[in-house]
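Q: Got a structure here, written out as structure tokens. Questions coming.
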Amino acid sequence: MFEHLVFLLLVVFLALLITYHSYEFRGSINTVCLVIISGGIGALVEFLGVLSGGYYYGTLPIALVIFLTGFGWIANVLIAFHLTIVILNIEYNKPLRLFESLKISLAAGLIGVIYDLFTDPVATAIGLWSWRTKGFWFGVPLQNFIGWFFLISISIFCYHIALSLSSKPLMKILYSIILAIIGSVAVFFGLLIASILI
């Protein structure tokens, strides 16, 4: 349990570093919106995933796990987003059209899945979480990777929508909260449909 807690605290530290990086390039309001959406969607989807019995997290209390995994998703989404912007050579604060936002969102989802192909098997092997059913990729089920793709893609797309709906900072934040809830439902039902089809 001690090792798991240390690992999760390191994830929080990474999320804070990445958030500071975002602040330097995107400014405070845009970073707050991105953190609300990525952390909100991530925490809600983790809560629904554990609640549905698809997987579970060792012996840590579920409330602590959900809180800390929200930070993990902030780090995962921001890393995938940044890598996508660098790879596609896109300006940070350039206004984007709908198609460009969709392209960045899908590319970031794919980059996040590639990243997770290495991290999830290690986390599973050291017992950070356990799957109800073993999967094809070192024990990790396919639905996990589909979830990563959905979660990262939808988070970044919701972020672009929140920024495009208003130029007022408080309205951007309000839209981010609403889109985090809508996005988490979209990810959860997307995963539900994918699990039925697979």
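The values are calculated or read from the model by the stated rules, or taken from the named source; none is laboratory data. In this text, all values refer to a predicted model and were calculated from it rather than measured experimentally. Positions of Cβ are generated from backbone atoms using ideal geometry, with glycine treated the same way; all protein chains shown enter the neighbour counts.
Q: Go through (1) over 17 Å from W73 (Cα atoms); (2) at pLDDT 95 or above one by one and return the number of the condition S176 breaks.
A: Result: S176 fails condition (1) only.
Q: Another question, then. Would you point out the residue of the stretch 1-50, among those that are of a type in the set (G, A, S) and within 13 Å of the chain's Cα centre (by Cα), that is farthest from I177 (Cα to Cα)?
A: Of all residues in the stretch 1-50, those of a type in the set (G, A, S) come to 15, 22, 27-28, 38-40, 42-43, 49.
With the extra rule that they be within 13 Å of the chain's Cα centre (by Cα), the set shrinks to 15, 38-40, 42-43.
Details: A15: 19, S38: 10, G39: 10, G40: 8, G42: 13, A43: 13 Å.
My answer is A15.
Q: Go over the candidates I156, I146 one by one and state the one that is of a type in the set (V, I, T), modelled with pLDDT of 85 or more and closer than 21 Å to I29 by Cβ.
A: Numbers: I146 fails: closer than 21 Å to I29 by Cβ.
Matching residue, one of I156, I146: I156.
Q: Select, from L191, L170, the only residue that is more than 21 Å from L98 (Cβ to Cβ) and crowded, with 21+ Cβ neighbours inside 10 Å.
A: Numbers: L170 fails: crowded, with 21+ Cβ neighbours inside 10 Å.
One residue alone meets the criteria, L191.
Q: Moving on. Of the numbered conditions (1) closer than 15 Å to W73 by Cα; (2) without any contact (Cβ under 8 Å) to a residue 60 or more places away in the chain; (3) among the polar types (S, T, N, Q), S184 satisfies every one except a single condition; which is it?
A: Exception for S184: condition (2).
Q: Looking at L179, L128, L191, L117, which one is under 18 Å from the mean Cα position of the chain (by Cα) and not in a helix (DSSP H, G or I)? Walk me through it before giving the result.
A: Values: L179 fails: not in a helix (DSSP H, G or I); L191 fails: not in a helix (DSSP H, G or I); L117 fails: not in a helix (DSSP H, G or I).
L128 is the lone residue from the list that is under 18 Å from the mean Cα position of the chain (by Cα) and not in a helix (DSSP H, G or I).
Q: Considering L110, L96, which residue is touching a residue at least 12 places away in the same chain (Cβ under 8 Å), surrounded by 13 or more Cβ atoms within 10 Å (Cβ to Cβ) and in a helix (DSSP H, G or I)? Step through it out loud before you land on a result.
A: Values: L96 fails: in a helix (DSSP H, G or I).
That would be L110, the only listed residue that is touching a residue at least 12 places away in the same chain (Cβ under 8 Å), surrounded by 13 or more Cβ atoms within 10 Å (Cβ to Cβ) and in a helix (DSSP H, G or I).
Q: If you check every pair at least six apart or on different chains, which have Cβ atoms under 6 Å apart with a residue in the stretch 4-23 that is without any contact (Cβ under 8 Å) to a residue 12 or more places away in the chain first and a residue that is assigned to a helix (DSSP H, G or I) second?
A: Y23/T31
Each row is one residue, and each column tells you yes or no for (1) at pLDDT 90 or above; (2) surrounded by 18 or more Cβ atoms within 10 Å (Cβ to Cβ).
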residue: G40; (1), (2): yes, yes
residue: F47; (1), (2): no, yes
residue: S52; (1), (2): no, no
residue: Y55; (1), (2): no, yes
residue: P61; (1), (2): no, no
residue: F71; (1), (2): yes, yes
residue: N76; (1), (2): yes, yes
residue: F81; (1), (2): yes, yes
residue: E91; (1), (2): no, no
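Q: Let me ask something else about it. Only residues in the stretch 118-129 that are more than 13 Å from F7 (Cα to Cα) count as the first member; pair them with residues that are modelled with pLDDT under 85 and exposed (fewer than 12 other Cβ atoms within 10 Å of the Cβ), Cβ under 7 angstrom, at least 6 apart or cross-chain, and list the lot.
A: none
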